[in-house]
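Okay, so here's the structure we're looking at.
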Amino acid sequence: MLFASLRRSLHLHGSVTGHCFRTKNYYVHSFFRSFAHSRGRKPSTTSRRSREAAQNQLWSLATKRFLEKKHSILKETKFPKNVPRNTQLALFDEFYSGCVHVPKQYDPYFTDLQSKILQSTQRIHWKPSVENVTKDTRLHSSFAERLKLEFQNFVSHTLMFEPLEKDLRKLLDVEWPHDLYPPARSMRRKFIMHVGPTNSGKTHNAINKLKTCKKGIFAGPLRLLASEIYIRMNAEGIKCNLVTGEEVKADYENPQLLACTVEMADLHQQYDVAVIDEIQLISDENRGWAWTQCVLGLRAKEIHLCGEESAVELIKKLAEKTLDEVEVHRYERLNALRVSKTSLNGDLGNVKDGDCVVAFSRRAIFEAKNTLEEFHNKKCCVVYGSLPLEIRKQQATDFNDPKIPANVLLASDAVGMGLNLSIQRVVFTSLAKFTGSSFEDIPVPLIKQIAGRAGRYKASNNQDEKQSAGEVTCLYDYQMPILKRALSQPIRMLKQAGFMFPDDIWCEYFLTCPQDIPYSFLFRKMILLSNIPPCFFHCLIKSQLPILEILKPIETLTIRERLLLTNIPIPLRWPTMKEFVYEIGEKLSLCTPVQLNDFEHFNLDVLNHKYKNQSDFLQQIELLYKKLDAYFWISLRFPCMFQTEAAIDIKKILLKKLNSFSH
Ligand SMILES: Nc1ncnc2c1ncn2[C@@H]1O[C@H](COP(=O)(O)OP(=O)(O)OP(=O)(O)O)[C@@H](O)[C@H]1O
């Protein structure tokens, strides 16, 4: 199926990442090592985990050396005369505790500081290993020296910022976030919660209510889900428009429904009925603010909230303040979900038709796909986050279509939400994923969400038709107890809703602050000075800071434009993405109309290069597609400047290239 030629290239050139080795006519991919682990023994710890452990140890040794030099550092630091000794000591302690706590929790200033200092090890090609750290005293003393300099910057930022604190504290004193939405406060609203495990009919019932209203809105967590509702409603003869970050399909002047992603929900319109899906994401550390603003600010008489039981208490607490009524409907799974007695015993040869094999990296997905197609004669589809939306839709449709012989689905955690897939059994190949900076266990709610996709309920006219139970298992024996423990974990009630200041407060704050202080310091101060109730936490979109730093040299950009650009959906870790964001900011500052092919960092020529294997070529297409999405995103906001004629043609070219793999 998809990327058939990719399979051959991987086979010929060895897998993308490891080397195939032939034994008894049976290739064993280094990544899976399925042959070597046939008794389900744990694959060796990856180099990333050991590097992470070594870097954390290096950091803690450096902060210890920094503390040992406290008095000499304070002596060398040039404090202004009016800074009393106790303030100097307090500043040192604040800086030191910020450094010590950063590995455990995200802090805009100290996390940024730690990553900058640790990145210097890459330049000196330091071999990260725990043994090196203890021996290599040079490194942590040079780090301690670096921390001394950073402490002196910290002191000057703090002293520069201090005179403004009183006014800024007033600006940031949002005693009750619900006061930020007066129009919603001026009406009586009712929350109807549909809570329960996955595959229990929650969304189905809420949508049924939506269909009967005169004017409604569906807000979903994914573009894919919003467009699925848009297509379904129009197919049922209900006039529905679509708004996501990257696209608007406004087919109707006065549509009955609007399908959108949660971030794009329109708080200005008045609705009869609203449906907000996956309400438990109100506590998501990056996106929770979008669900909070819908719950506090949507102007709808009836708001249906679909998702996990864990959100009930928190919504009731918020509704107490907004004086809205809450009604809770609880659901059970429409068909059973059971954990298999055994794993696949480390052998992908035990994968069955109707399985969804879950892996948490693109590389692992393609390795599994190659093994299944090459040696077990399976036809596979793939669904993962960075795959272009249209291809993901196509793959999901192919997998669901009984007429198409695609009988195994390879998926990332993208399968956890929204997509209606006829999966019989979920197979976890791993229960940990690399987050870009560290290896983390998959959170229990996500394990439950993904496992719950197994055995999707299918409506049937024949009452006697038995709904097949869903099944979930793992690739290796050692993972089974972890899976069972996760699935049996009781639901943990959510305590806090994500919160983000509205744009006008952000703008006023940044316009008031001194310009030559790093954004990371300003973000940290914003959190410290703000006074939000304990049932909220500050959402910090991790891409905001790097994007503000990228755009800093472009002087003519307004703060509002900078803040808007921090929401652009682009994976900064990918090659040339930072340069592309800078170019978008630069063109925006010039205020002259552009087309996508005017961008130096959007270069279609890469498609004509010869790649050592098709997987690299595919990655180039995905990279171009991500830039294309980002371009459509900015063109939605500045249509006269970022024109889309060329982008639409380019999209057709890229989709054709992508589809060329599927035959
Ligand atoms: N009463 C029903 N009649 C027909 N089909 C139904 C019914 N309830 C649910 N379904 C179907 O069952 C599947 C799961 O339903 P739904 O998506 O509403 O569950 P859910 O609890 O919202 O799942 P998830 O949490 O995974 O989104 C869907 O394909 C839906 O169309």
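If you go through segment 169-207 and keep only what is within 16 Å of the ligand (Cβ to nearest atom) and without any contact (Cβ under 8 Å) to a residue 12 or more places away in the chain, you end up with just His204.
Tell me, yes or no, whether segment 153-168 has at least one residue that is closer than 19 Å to Cys294 by Cα and away from the ligand (no atom under 13 Å from the Cβ).
Pass one, segment 153-168, residues closer than 19 Å to Cys294 by Cα: none.
Scanning segment 153-168, I find no residue that is closer than 19 Å to Cys294 by Cα and away from the ligand (no atom under 13 Å from the Cβ), so the answer is no.
Would it be correct to say that Ala235 is surrounded by fewer than 22 Cβ atoms within 10 Å (Cβ to Cβ) and hydrophobic (A, V, I, L, M, F, W, C)? Spelling it out, Ala235 is indeed surrounded by fewer than 22 Cβ atoms within 10 Å (Cβ to Cβ) and hydrophobic (A, V, I, L, M, F, W, C). Among the residues of segment 256-282, count how many are in a loop (DSSP other than H, G, I, E, B) and surrounded by 20 or more Cβ atoms within 10 Å (Cβ to Cβ). Counting residues in segment 256-282 that are in a loop (DSSP other than H, G, I, E, B) and surrounded by 20 or more Cβ atoms within 10 Å (Cβ to Cβ) gives 3. Being buried (at least 22 other Cβ atoms within 10 Å of the Cβ) and modelled with pLDDT under 95: is that true of Asn335 here? Here the answer is no, as Asn335 does not meet what is asked.
Yes/no per residue for (1) within 16 Å of the ligand (Cβ to nearest atom); (2) assigned by TED's automatic domain parsing to the domain that holds Ala411; (3) in contact with a strand residue (DSSP E or B) (Cβ under 9 Å, 6 or more places away or on another chain):
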{"residue": "Pro255", "(1), (2), (3)": "no, no, yes"}
{"residue": "Ala259", "(1), (2), (3)": "yes, no, yes"}
{"residue": "Glu263", "(1), (2), (3)": "no, no, yes"}
{"residue": "Ile282", "(1), (2), (3)": "yes, no, yes"}
{"residue": "Glu285", "(1), (2), (3)": "no, no, yes"}
{"residue": "Trp291", "(1), (2), (3)": "yes, no, yes"}
{"residue": "Glu308", "(1), (2), (3)": "yes, no, yes"}
{"residue": "Leu314", "(1), (2), (3)": "no, no, yes"}
{"residue": "Gly346", "(1), (2), (3)": "no, yes, no"}
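Annotation note: Cβ proximity below 9 Å between a residue of segment 570-599 that is closer than 17 Å to Lys552 by Cβ and a residue that is part of a strand (DSSP E or B) (sequence gap 6+ or interchain) occurs for Ile584/Phe642; Lys587/Val594; Lys587/Phe642; Leu588/Phe642.
Looking only at segment 603-632, count how many residues are more than 12 Å from Phe580 (Cβ to Cβ) and either touching a strand residue (DSSP E or B) at 6+ places or on another chain (Cβ under 7 Å) or part of a helix (DSSP H, G or I) (or both). Walk me through it before giving the result.
Step one: filter segment 603-632 for residues more than 12 Å from Phe580 (Cβ to Cβ), giving 604-622, 625, 632.
Now narrow it down to the ones that are either touching a strand residue (DSSP E or B) at 6+ places or on another chain (Cβ under 7 Å) or part of a helix (DSSP H, G or I) (or both): 604-608, 614-622, 625, 632.
Residues flagged as more than 12 Å from Phe580 (Cβ to Cβ) and either touching a strand residue (DSSP E or B) at 6+ places or on another chain (Cβ under 7 Å) or part of a helix (DSSP H, G or I) (or both) within segment 603-632 amount to 16.
With respect to (1) more than 24 Å from the chain's Cα centre (by Cα); (2) at pLDDT 85 or above; (3) closer than 30 Å to Ala250 by Cα; (4) of a type in the set (S, T, N, Q), the lone exception for Asn659 is condition (2). Filtering segment 230-253 for residues that are within 16 Å of the ligand (Cβ to nearest atom) and assigned to a strand (DSSP E or B) leaves an empty set.
Screening segment 297-396 for strands (runs of 3 or more DSSP E) wholly inside it with 3 or more residues that are more than 22 Å from Val472 (Cα to Cα) returns the ranges 299-307, 325-330.
The values are calculated or read from the model by the stated rules, or taken from the named source; none is laboratory data. All figures in this text were calculated on a predicted structure; none of them were measured in a lab. With ideal geometry, Cβ positions are generated from the backbone for all residues, glycine too; neighbour counts draw on all protein chains shown.
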